[in-house]
Amino acid sequence: MCGIIGYAGTADNAFSVLLDSLEFLEYRGYDSVGMAIGNREGLAVYKDKGRVNELRKKIENAGIKGNYGIGHTRWATHGGVNKANAHPHQAGKVTLVHNGIIENYQELIERYDLRKKLRSETDTEVVAHVLDHYYDGDALKAIGKMVKELKGTFSFAIIFADQPNAIYAIRTVSPIVMTKTADCSILASDLMSLSSFSNDYYVLPELSILKMTSSEIRVYDLSLNEIELQAKHIDWQVEALGKAGYPFYMEKEMMEEPKAVEDTIKERIRNGLPDFESDALSDEVFEKLHSIMIVACGTARHAGLVAKQLFERVAGIHTEVEYASEFIYNEPNLHQDTLLIAISQSGETIDTLEAIRYAKKQNIRTLAIINVKGSTMSQLVDYPLFTNAGPEIAVASTKAYTSQLSLLYLLVGRAAYVRGTRTKEEVESFISNLQRAPGLMNQVLECKDQIHQIAKEAIDDKSLFMIGRGLDYLSLMEGSLKLKEISYIHSESYASGELKHGPISLIEEGTPVVAAITQDHLVSKSLSNLKEVKARGARVYAFVKESLIGNLDKDIRIIELPNADSDFMVFPTALALQLYAYYVSMEKGYDVDKPRNLAKVVTVE
Ligand code: M6R
C-alpha cells in the first residue's frame with residue numbers, strides 16, 4: 001500500500017511532476033497525500049489528508065518552484081488519517097516517505113529516546129529520527145546503519161537537507177523502480193508513474209541503496225560497492241493508462257476484458273495445443289508433479305479455486321488452494337514434488353510473496369501468474385508467467401481475473417496432455433473452447449444495459465445473497481466480493497446445496513438473491529434451490545445460460561448469458577457479475593475505482 005515517488009531534474013518542474021505521478025500512484029492508497037520540494041533556497045513540505053486533487057487545488061496557485069522532490073500517497077497503518085500522519089516526515093536533516101510497515105518501531109522509540117520528539121503517530125517518523133541520528137554527511141553509510149535497525153517491510157525515498165538535488169532510496173519487499181532521461185531521474189513504487197518518461201526502467205534490488213541526481217542513477221550494496229543494473233523494457237503504451245472516455249477505469253477495464261484474455265492466450269497456443277516454450281516452462285514440470293498448492297488473495301484466490309476444479313478433473317492432479325495470508329502460519333508440510341502456483345495481479349501482495357518464500361525454503365518449485373512485469377514476485381519464482389491484461393488501475397480486479405483464468409486453463413490443458421489424462425483431440429477441443437471465451441465475453445458486453453437495469457434495483461438493499469453450484473458457486477464468490485468491495489452492500493455467496501444447513505434462515509420476504517445457472521449437469525438441483533428461496537419470499541435474479549432458460553419459472557428475473565461448454569461459462573459469468581457490481585456502485589454514486597478503506601496493492605500483512 002502507499003505509493004512513493006522521487007524526482008531530480010534540471011528544470012523547475014518538480015511540483016507538477018510529483019503531483020501528476022502521485023495521481024498514477026493514488027490507487028495504492030488515497031487517504032492522505034504529501035510531498036517535499038527542493039530548490040536553491042531549501043526544502044518545503046506540503047501535505048494533507050484527502051486526495052491528490054484536493055492538495056493540488058489548495059497549492060497549485062502558490063507558485064511553488066523546485067527541481068527535485070519526493071512524494072507520497074498514503075493508506076493508513078500506524079496512526080489515523082490526518083495531516084500530522086501524512087508523509088513526508090522530517091527529523092533534523094532528514095526528510096523521507098515510506099511504503100511498508102516497521103514492526104519494531106516501539107522498540108526504536110525506546111532505544112533512541114524519541115518519545116518526546118515525535119510529532120506524529122507513525123512508524124515512519126521514527127525511522128526519520130533513526131536515520132538523522134546516524135547522518136554525519138555520509139548518506140550511504142547512514143542509510144546502511146539505519147536499515148540494520150529495522151524489522152519489517154519498507155521502501156523509502158529520502159532527501160538530506162545539505163544534499164540538494166539528490167534523492168536516496170532503499171527497499172525490502174516493497175518495490176522501487178526507476179528510470180532516467182536526458183534531464184531527469186525518477187523513482188516510483190511502480191512502472192505506471194515512469195511510463196510517461198521512458199520505456200526503459202531499472203528495478204532497485206532489495207537492500208541496495210539508490211542515489212539519484214538529475215544526471216545519474218547509482219546503486220550500491222550495503223558494503224557500499226557499486227552495483228550495475230540491467231535495464232528492462234515496458235511493453236505497453238502510456239495511452240493504456242487513460243480512462244479512454246469512460247467514467248471509471250473499472251468500466252474501461254471490463255470493456256478491455258475480451259482482448260486481455262485473447263492477448264494472454266494467443267501466443268501460448270501452437271497447433272491447437274497449449275505451449276509454454278516462450279515461458280521456459282518445460283513439460284518435465286508437469287510430469288514430475290505430485291500435487292499443486294495454489295496460494296493467492298482475494299480475486300486471485302477465486303481464480304485459483306476454479307483452477308483447482310479443473311486441475312483435479314481434467315488433469316488428474318490433486319490440488320489445494322490456500323489463502324496466502326494463512327498459508328505460512330498453518331505451517332503446511334509440502335510433498336517435495338508439489339508445484340506451488342501463486343496468482344497475483346500486482347506481483348507485490350506481501351502475503352503471497354511470503355507464501356512463495358516459505359515454499360522456496362522447502363525447495364518446492366514455484367510458478368506464478370502475474371500481470372505486472374518487473375514485480376517482486378516475477379523475480380522470486382522459478383517460473384513467472386505473465387497475463388497480458390495491461391495495466392489494471394481500478395481497485396476492483398476485473399480483466400486481471402479472467403486473464404488469470406485463461407492462463408490457468410492453458411496450464412490445465414498442457415498438464416492433461418503431458419500426463420495423458422486427456423487425448424490430444426480432447427485437449428485440442430478444450431483449447432478451442434478457451435479460444436471462444438473472448439467472443440462470449442463480447443456477447444455479455446453487448447447486453448450490459450440489461451444488467452444495468454437490474455443493478456438499479458439493488459441500490460437500496462443492505463444485504464444480498466448469491467447462490468450457485470459447482471463452477472457457478474465459484475463465479476459467485478468472486479461476484480460477491482466485487483459487489484461488497486465497491487457497492488458496500490453486505491453480500492454472501494453460498495453453495496446452493498448448503499443453504500438449508502443454516503443460511504436459509506436469513507431469507508425473508510423481499511430478500512435479494514442473485515443466482516447463476518450455467519452448469520448443464522447441475523441445472524435441476526440449482527432450480528430446486530431457487531424454488532426453496534422463492535418459497536420463502538426471496539426476490540430472485542438469475543444469470544442463466546441461454547440453453548437452460550426454458551427450465552426456469554416465468555416469475556424469475558433472468559439475465560441471459562451466451563451458450564458455451566459448462567467449464568467455460570466462468571468467463572461470461574464473471575464479466576456479467578462484474579458489470580452488475582459496477583452498475584450498483586455507480587448508481588449509488590460511489591467512486592467506483594477507489595472504494596473506501598481499500599488499496600490496489602496490498603503490501604502489508
Ligand atoms: O495483486 P493481487 O492479485 O495479489 O491482489 C490480491 C487481492 O488483493 C485482490 O485481488 C483484491 O481482492 C481485489 N481488489 C478484488 O477486486
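Inspect the stretch 101-113 for any residue being more than 27 Å from the chain's Cα centre (by Cα) and either assigned to a strand (DSSP E or B) or of a type in the set (A, V, I, L, M) (or both) and give the result as yes or no.
Yes, because at least one residue in the stretch 101-113 is more than 27 Å from the chain's Cα centre (by Cα) and either assigned to a strand (DSSP E or B) or of a type in the set (A, V, I, L, M) (or both).
Taking the stretch 130-164, which residues are surrounded by fewer than 20 Cβ atoms within 10 Å (Cβ to Cβ) and polar (S, T, N, Q)?
Gln163, the sole residue that qualifies.
Can you name the condition, by its number, that Ser480 falls short on among (1) part of a helix (DSSP H, G or I); (2) within 16 Å of the ligand (Cβ to nearest atom); (3) over 20 Å from Leu561 (Cβ atoms)?
Against the list (1) part of a helix (DSSP H, G or I); (2) within 16 Å of the ligand (Cβ to nearest atom); (3) over 20 Å from Leu561 (Cβ atoms), Ser480 comes up short only on (3).
Do the conditions hold for Val285, that is, is it open to solvent by less than 10 Å² (accessible area, probe 1.4 Å), farther than 17 Å from Phe571 by Cβ and away from the ligand (no atom under 16 Å from the Cβ)? Before you say what the answer is, go through the steps one by one.
On the way: open to solvent by less than 10 Å² (accessible area, probe 1.4 Å): yes; farther than 17 Å from Phe571 by Cβ: yes; away from the ligand (no atom under 16 Å from the Cβ): yes.
Spelling it out, Val285 is indeed open to solvent by less than 10 Å² (accessible area, probe 1.4 Å), farther than 17 Å from Phe571 by Cβ and away from the ligand (no atom under 16 Å from the Cβ).
Of the residues Phe327, Phe311, which is within 16 Å of the ligand (Cβ to nearest atom), buried (at least 20 other Cβ atoms within 10 Å of the Cβ) and assigned to a helix (DSSP H, G or I)?
Phe327
Residues are listed down the side, and each one gets a yes or a no for (1) within 30 Å of Met441 (Cβ to Cβ); (2) among the aliphatic types (A, V, I, L, M); (3) open to solvent by 20 Å² or more (accessible area, probe 1.4 Å):
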{"residue": "Asp221", "(1), (2), (3)": "no, no, yes"}
{"residue": "Ala244", "(1), (2), (3)": "yes, yes, yes"}
{"residue": "Met250", "(1), (2), (3)": "yes, yes, no"}
{"residue": "Thr264", "(1), (2), (3)": "yes, no, no"}
{"residue": "Leu281", "(1), (2), (3)": "yes, yes, no"}
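Looking at the stretch 31-53 only, could you name the residues that are among the charged types (D, E, K, R), in a strand (DSSP E or B) and within 18 Å of Asn597 (Cβ to Cβ)?
At the first step, the residues of the stretch 31-53 found to be among the charged types (D, E, K, R) are 31, 40-41, 47-49, 51.
Checking which are in a strand (DSSP E or B) leaves us with 47-49.
Within the stretch 31-53, Lys49 is the sole residue that qualifies.
Would you check which residues across the stretch 474-488 are under 10 Å from Thr299 (Cα atoms), open to solvent by 10 Å² or more (accessible area, probe 1.4 Å) and either of a type in the set (S, T, N, Q) or within 15 Å of the chain's Cα centre (by Cα) (or both) and list them?
Correct list: Leu481 only.
I want to confirm something. Restricting to the stretch 374-386 and keeping residues that are in contact with a helix residue (DSSP H, G or I) (Cβ under 7 Å, 6 or more places away or on another chain) and open to solvent by less than 20 Å² (accessible area, probe 1.4 Å), which single residue is nearest to the ligand (Cβ to nearest atom)? Working first, answer last.
Step one: filter the stretch 374-386 for residues in contact with a helix residue (DSSP H, G or I) (Cβ under 7 Å, 6 or more places away or on another chain), giving 374, 376-377, 380-381, 383-385.
Checking which are open to solvent by less than 20 Å² (accessible area, probe 1.4 Å) leaves us with 374, 376-377, 381, 385.
On the way: Gly374: 14, Thr376: 11, Met377: 8, Val381: 13, Leu385: 14 Å.
Once the filter is applied, the top-ranked residue is Met377.
Could you give every pair whose Cβ atoms fall below 6 Å, whose first residue belongs to the stretch 588-605 and is buried (at least 16 other Cβ atoms within 10 Å of the Cβ), and whose second residue is in a loop (DSSP other than H, G, I, E, B) and of a type in the set (Asp, Glu), counting only separations of at least 6 or pairs across chains?
Listed by first residue and then by second, the contacts come to Val601/Glu348; Thr603/Glu348.
Taking the conditions exactly as written (assigned to a loop (DSSP other than H, G, I, E, B), on the phi < 0 side of the Ramachandran plot and not hydroxyl-bearing (Ser, Thr, Tyr)), does Glu508 satisfy them or not? Break it down into steps so the answer makes sense when it comes.
Working: assigned to a loop (DSSP other than H, G, I, E, B): yes; on the phi < 0 side of the Ramachandran plot: yes; not hydroxyl-bearing (Ser, Thr, Tyr): yes.
Taking the combined requirement at face value, the residue satisfies it.
So for the stretch 355-367 (the condition being among the small types (Gly, Ala, Ser), within 15 Å of the ligand (Cβ to nearest atom) and more than 20 Å from Tyr27 (Cβ to Cβ)), does at least one residue qualify? Before you say what the answer is, go through the steps one by one.
Step one: of the stretch 355-367, the residues among the small types (Gly, Ala, Ser) are 355, 359.
Add one more test, that the residue is within 15 Å of the ligand (Cβ to nearest atom), and what stays is 355.
Subset that is more than 20 Å from Tyr27 (Cβ to Cβ): 355.
Looking for residues that are among the small types (Gly, Ala, Ser), within 15 Å of the ligand (Cβ to nearest atom) and more than 20 Å from Tyr27 (Cβ to Cβ), one finds at least one in the stretch 355-367, hence yes.
Any idea which of Ile486, Ile459 is among the β-branched types (Val, Ile, Thr), closer than 28 Å to Val533 by Cβ and not in a helix (DSSP H, G or I)? Explain how you work it out, then say what you get.
Working: Ile486 fails: not in a helix (DSSP H, G or I).
On inspection, the qualifying residue turns out to be Ile459.
Tell me, please, whether a residue that is open to solvent by less than 60 Å² (accessible area, probe 1.4 Å) and in a loop (DSSP other than H, G, I, E, B) can be found in the stretch 424-442.
no
Can you tell me which residue among Ala415, Ala396, Ala389 is of a type in the set (A, V, I, L, M), crowded, with 24+ Cβ neighbours inside 10 Å, within 13 Å of the ligand (Cβ to nearest atom) and under 22 Å from Glu267 (Cβ atoms)?
Details: Ala415 fails: within 13 Å of the ligand (Cβ to nearest atom); Ala396 fails: under 22 Å from Glu267 (Cβ atoms).
Checking each option against the conditions leaves just Ala389.
Restricting attention to the stretch 3-23, which residues are open to solvent by 10 Å² or more (accessible area, probe 1.4 Å) and among the hydrophobic types (A, V, I, L, M, F, W, C)?
Taking the stretch 3-23 and keeping what is open to solvent by 10 Å² or more (accessible area, probe 1.4 Å), we get 10-13, 15-17, 20, 23.
Within the stretch 3-23, Ala11, Phe15, Val17 qualify.
Identify all residues within the stretch 332-348 that are within 7 Å of the ligand (Cβ to nearest atom) and among the hydroxyl-bearing types (Ser, Thr, Tyr); write none if there are none.
Ser344, Ser346
Looking only at the stretch 520-547, how many residues end up being of a type outside the set (Ser, Thr, Tyr), closer than 19 Å to Met441 by Cβ and surrounded by fewer than 22 Cβ atoms within 10 Å (Cβ to Cβ)?
Step one: filter the stretch 520-547 for residues of a type outside the set (Ser, Thr, Tyr), giving 520-523, 525, 527, 529-540, 542-546.
Add one more test, that the residue is closer than 19 Å to Met441 by Cβ, and what stays is 543-546.
Narrowing further to those that are surrounded by fewer than 22 Cβ atoms within 10 Å (Cβ to Cβ): 546.
The qualifying residues number 1.
Output the number of residues of the stretch 24-51 satisfying the condition of being crowded, with 20+ Cβ neighbours inside 10 Å and either over 28 Å from Lys243 (Cα atoms) or of a type in the set (Phe, Trp, Tyr) (or both). Write out each step before concluding.
Quick first cut of the stretch 24-51, residues crowded, with 20+ Cβ neighbours inside 10 Å only: 24-38, 43, 46-47.
Adding the requirement that they be either over 28 Å from Lys243 (Cα atoms) or of a type in the set (Phe, Trp, Tyr) (or both) leaves 24, 27, 30, 36-38, 43, 46.
Matching residues across the stretch 24-51 total 8.
I'm trying to understand the selection: among the residues of the stretch 109-126, which are over 20 Å from Val147 (Cα atoms) and surrounded by 13 or more Cβ atoms within 10 Å (Cβ to Cβ)?
Correct list: Lys117, Ser120, Glu121.
Going by what's in this entry, would Thr319 be described as at pLDDT 95 or above and within 16 Å of the ligand (Cβ to nearest atom)? Write out each step before concluding.
On the way: at pLDDT 95 or above: yes; within 16 Å of the ligand (Cβ to nearest atom): no.
Criteria not met by Thr319.
Filter the stretch 288-301 down to residues that are open to solvent by 20 Å² or more (accessible area, probe 1.4 Å) and out of contact with any Lys or Arg (no Cβ under 9 Å at 6 or more places or on another chain) and give me whichever is farthest from the ligand (Cβ to nearest atom). Don't jump to the end; show me each part of the working.
We begin by selecting, within the stretch 288-301, every residue open to solvent by 20 Å² or more (accessible area, probe 1.4 Å); these are 288, 290, 297-298, 301.
When the remaining residues are screened for being out of contact with any Lys or Arg (no Cβ under 9 Å at 6 or more places or on another chain), the result is 290, 297-298, 301.
Numbers: His290: 26, Cys297: 4, Gly298: 2, Arg301: 8 Å.
Checked the stretch 288-301; the qualifying residue farthest from the ligand (Cβ to nearest atom) is His290.
Output the residues belonging to the stretch 356-390 that are assigned to a helix (DSSP H, G or I), within 16 Å of the chain's Cα centre (by Cα) and hydrophobic (A, V, I, L, M, F, W, C). Walk me through how you get there before you give the answer.
Filtering the stretch 356-390 down to residues assigned to a helix (DSSP H, G or I) leaves 356-361, 376-380.
Next, only the ones that are within 16 Å of the chain's Cα centre (by Cα) stay: 376-378.
Met377, the sole residue that qualifies.
Within the group Asp449, Asp461, which residue is open to solvent by 40 Å² or more (accessible area, probe 1.4 Å), within 27 Å of Glu251 (Cα to Cα) and acidic (Asp, Glu)? I'd like the intermediate steps shown before the answer.
On the way: Asp461 fails: open to solvent by 40 Å² or more (accessible area, probe 1.4 Å).
One residue alone meets the criteria, Asp449.
Given the structure, is Ser195 under 26 Å from Arg28 (Cα atoms) and either free of Cβ contacts under 8 Å to residues at least 60 places away in the same chain or open to solvent by 10 Å² or more (accessible area, probe 1.4 Å) (or both)?
Numbers: under 26 Å from Arg28 (Cα atoms): yes; either free of Cβ contacts under 8 Å to residues at least 60 places away in the same chain or open to solvent by 10 Å² or more (accessible area, probe 1.4 Å) (or both): yes.
Spelling it out, Ser195 is indeed under 26 Å from Arg28 (Cα atoms) and either free of Cβ contacts under 8 Å to residues at least 60 places away in the same chain or open to solvent by 10 Å² or more (accessible area, probe 1.4 Å) (or both).
The values are calculated or read from the model by the stated rules, or taken from the named source; none is laboratory data. Source: prediction; values computed, not measured. Because the Cβ atoms are built from the backbone with ideal geometry, glycine has one as well, and the counts that use them run over all protein chains shown. Heavy atoms of the whole protein, side chains included, go into the accessibility calculation; ligands, DNA and RNA do not. Shrake-Rupley method; radii C 1.70, N 1.55, O 1.52, S 1.80 Å.
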